Every structure is written in C-alpha cells, then in structure tokens.
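Contents: one structure, followed by commentary.
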C-alpha cells in the first residue's frame, strides 16, 4: 500500500532515533578517539590502568554470581506457582512479592540493605549481631539479586505457562524416576529461558549504577568508574567516553546471544493444562522455599517503612509522622515529585504512540526498509542507560534541550523502546491482516480504519505499554543522573543528592512515594487492560 500516513510515521520515527539514538552514540565514539585529531591515547590510558581492569573484572564477577543466584531463586518461585497445588492466594502473594522490587529505584535497594544489615540496621538489631560487611561484594550481591529476581521470574513464569504439563503424566507412565521426569518435563523445556534469563540478569547487573552508588564501597565496578570519570572531582570526558564504549561490548554481546537462543526455544502445537498429581511433600517443600525467598525480600524492604515512621533511628524509636510531614511540607521535594510524575506520564503517552506507530509499520504494512525499525529495537535493547546518558551529555550540552524535562522524556522513550515495541508488534500481528484492505474497499481511509478498528482491538496492549513506560520512568536513574538539572530534578536523582547529606529519612519517604505511585498505577492499568481484553 502506498500509504502517505504510514510513510510519514516511518519518517518521524526514523528521524527521532537518528537524532536521539544514532547521533549521540556516534558522538560518544568520536569523543573517545578524537582530541583535536585522531588518537588512541584515551583507549590506551584506560586499558593499561590497573584500576579499570579491576573494576571490569569485579563487574563480571558480581554480575555472573548474581545472575546464577537470581535465576535459581526465580525458578523456585515460578515452580511453586505452576507445579504445586498451593492455594491460589499463596501463589498470588509470592508472585506479587517476586515482582515488588520492580516498583522501586535500584538506589533505594542499597539504602534498604544499609538500614537492614548495617551495624545499627533493623535485622542486625533483631538478630543481635551484624551478619556481614554490607559495603562491597556482599552488599552488591544482595542488591543485584533482589533487583533481578523480578526479571528472571517474569521470563520463567511466562514460559511455564506454555509448557505442556501432560509431559509429566507421560513421563511417569513410561516409568521414569522423579529426577528424570523433572528433567524431561520441566528443566529441558526451560533451558533456552534459563540462558535468556541469566543473560538479561547479567546485563542489568553489569550496567546498573543505583546499587553500587549506595553499597559499592571500595568494591569498584565499571558503572561507578564511568560515573566518577564524568561527574567526579576531576571530570575526564574523553576517558569517560572510552569507558562508555567498552561498556557497550558485553551489552551488545548479550543481546546477540539472546537472538541466537531464541531459535532453541521449545514450542508446543497444543498446550494441555493437566491436573497435577497430589503430592504433599512437593507442595510443602517448594512452597516453603518460595515463601522463605519472599519473606527475605519483604524483610529487607520493611526498613523503608520502619525508619521514617520513628523519631530518630536507631536512637529514638518512638512512633512519629514527623518525617512524612517534613517531606510533604517541603515545596522543593514536592516539586521533584511533580517533575517525576509529569515525566513518567508524558514518557508513557508519547512512548506508547511511538511504539504503536513503529509496530503498525512492521506488523501492518509492506513499507520498504521497515527492517530499520527492527534494528532500532535491537540497538536500544543493547544500550545501557548510563551510556545513553553520557552520550546525551556530550550532544545536548549547550543546546536549548540541556537539563530539560523534554530531553529526559526523549531519553526514556529511546531507552525503553524495545520492549513496548515488541509488545505492540506481537499484539498487532495476531489481528486479521485484511482489515485495512476491507476498509479501503468500503471507502474508509487508513486513519479511520486504525482509529475505529485496529486501535480498539489493541487497546489492552496499549494500556500495558503505557504502564511499562510509566513505571520504568518513575524508577530509572542510570541515564538521568547525567542529564537532569537543578530545576528538572526527579525523585531518583534527588535521592542520590540526599545521600550526600545523609538525609535518609527523606530518601525512604520519597521511595515510599515512588512505590505507592507505581503500585496504584499498576492496579489501575491492569484493571483497564483486563477490562478491554474481555470486550
């Protein structure tokens, strides 16, 4: 179809990502190799520095360890949900707790660990002794595992929904022992997802800045090295650009491996939801393990609610609303919350429109070069937030977009584009491919067809995409730390600022604000999406 509207949408999206994705990354690359003339001195100085290699090795070590533990814990929870006869309300509770950390910024995890396991921490006081040194490897490991359990759980949970459970019955009928059945019917179909979940977790841990910013201590990782190069006491932008480019290598590698693993996923022609055999030992053991993991997650985050509700932790533990009053009467902090909310809403609105337009091109048209959209999605999925933030710092410093909410919104739209686009593409691909042709024969324009036919049928997915953009925009920090200004401070960057002056009561109150904003938004969007999907 020679459709002017689709071509216009394609042009707008292409220009948008050319300006706010391709150009910044190219500028970042040139910044790493140019200093009046071509040079490799910046790469040489970074690569030959022992501290950099130590940080890089630390990043790999902590990311791999966290990945293994997070995937195992996520599997335990997902198995308890899908392969036991636990009461439905228990399954719902542990599923909710497994995804709870997604609603908080990662920098909050670190402060929660400090106030839980520190010398005067809540769990330390309950147990009567400090279990471990919270700064360094141990603190990062706990933070990263909590951070990535939701991602690994969602991937495993989604795959388990499409595993044919009749395989369990067939395996038992064939005389297989319990371990063989477990391997054939459960583990083997999940191998691709296990690998994919591990790579996703590794990628998130390797590139995260929020957790090292709070509990990294002297255990340097590549994210903190990049931050110190760019915004430290003596900024070195060229060396910072080199570190950012090096961060891209494992990120791109991770995405390439994910693309390869996609070919090995097992797909069933029919899914049979067979009733599970009664097995009390199975239900109690897996249910107990899943519940213990859930309790540990909750116990770490409990301190977020305890500390701001006492007079002065840990010296005066009398109940008090004073810290909440201080935040809600502080016009600066309230303005920061308003900034965050406006940024999240506008990111969700325009991000959803862009993802929808991109999906219409790839799923509902025959436009030439539409594979460019697929390439954009792949690239955005491989660019860490910190790298994108540094690139924006180089490109937009000195322009009218510097330190503006508009730039932060555009950054979020680009950074999180991949998943919303794929969600919309999958939704539109399942619809009748002849709707537009039928409408055209009946005299309707393409725009009317999209508004009257396609959009109502895609409304549930559009709401889910809106929710995804909104929640991620409320909790993101890695990119925004480099491009937020004093007047455009958002909650996550403000939390980072409050850390410097040890105002942890305000940190936890703001974290609670983020948590409840996201939970309320999630409930509303989920109900709307479910309501539209039933119509």
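The values are calculated or read from the model by the stated rules, or taken from the named source; none is laboratory data. Predicted model, so just to flag it, every value in this text is computed and none were measured. Virtual Cβ from ideal backbone geometry, glycine too; neighbours counted across all protein chains shown.
Residues in region 378-415 that are in contact with a helix residue (DSSP H, G or I) (Cβ under 8 Å, 6 or more places away or on another chain) and farther than 18 Å from residue 247 by Cβ: 396, 401, 402, 403, 405, 407, 408, 409, 410, 412, 413.
When residue 380 is tested against the conditions (1) within 24 Å of residue 144 (Cα to Cα); (2) assigned by TED's automatic domain parsing to the domain that holds residue 502; (3) crowded, with 21+ Cβ neighbours inside 10 Å, the lone failure is (3).
The residues on offer are 147, 162, and the sole one that is under 28 Å from the mean Cα position of the chain (by Cα) and surrounded by fewer than 20 Cβ atoms within 10 Å (Cβ to Cβ) is 162. Restricting attention to region 1-11, the residues that are surrounded by 13 or more Cβ atoms within 10 Å (Cβ to Cβ) and either free of Cβ contacts under 8 Å to residues at least 60 places away in the same chain or within 29 Å of the chain's Cα centre (by Cα) (or both) total 2. Entry remark, region 308-329: residues being exposed (fewer than 14 other Cβ atoms within 10 Å of the Cβ) and assigned to a loop (DSSP other than H, G, I, E, B) number 3 in total.
For every residue, the table says whether it meets (1) touching a helix residue (DSSP H, G or I) at 6+ places or on another chain (Cβ under 8 Å); (2) assigned by TED's automatic domain parsing to the domain that holds residue 478; (3) buried (at least 19 other Cβ atoms within 10 Å of the Cβ); (4) at positive phi.
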residue	(1), (2), (3), (4)
57	no, no, no, no
78	yes, no, yes, no
90	yes, no, no, no
99	yes, no, no, no
111	yes, no, yes, no
117	yes, no, yes, no
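Of the helices (runs of 4 or more DSSP H) lying entirely inside region 419-486, those carrying at least 3 residues that are closer than 25 Å to residue 522 by Cα and modelled with pLDDT under 90 are 455-475.
Listed here are the residues, each with its yes/no results for (1) modelled with pLDDT of 85 or more; (2) more than 24 Å from residue 290 (Cα to Cα); (3) in contact with a strand residue (DSSP E or B) (Cβ under 8 Å, 6 or more places away or on another chain).
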residue	(1), (2), (3)
112	yes, no, no
116	yes, no, no
146	yes, no, no
152	yes, no, no
155	yes, no, no
161	no, no, no
164	no, no, no
167	no, no, no
174	no, yes, no
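Based on what the data block shows, is residue 336 closer than 29 Å to residue 121 by Cα and crowded, with 22+ Cβ neighbours inside 10 Å?
Yes; evaluated as a whole, the condition is true for this residue.
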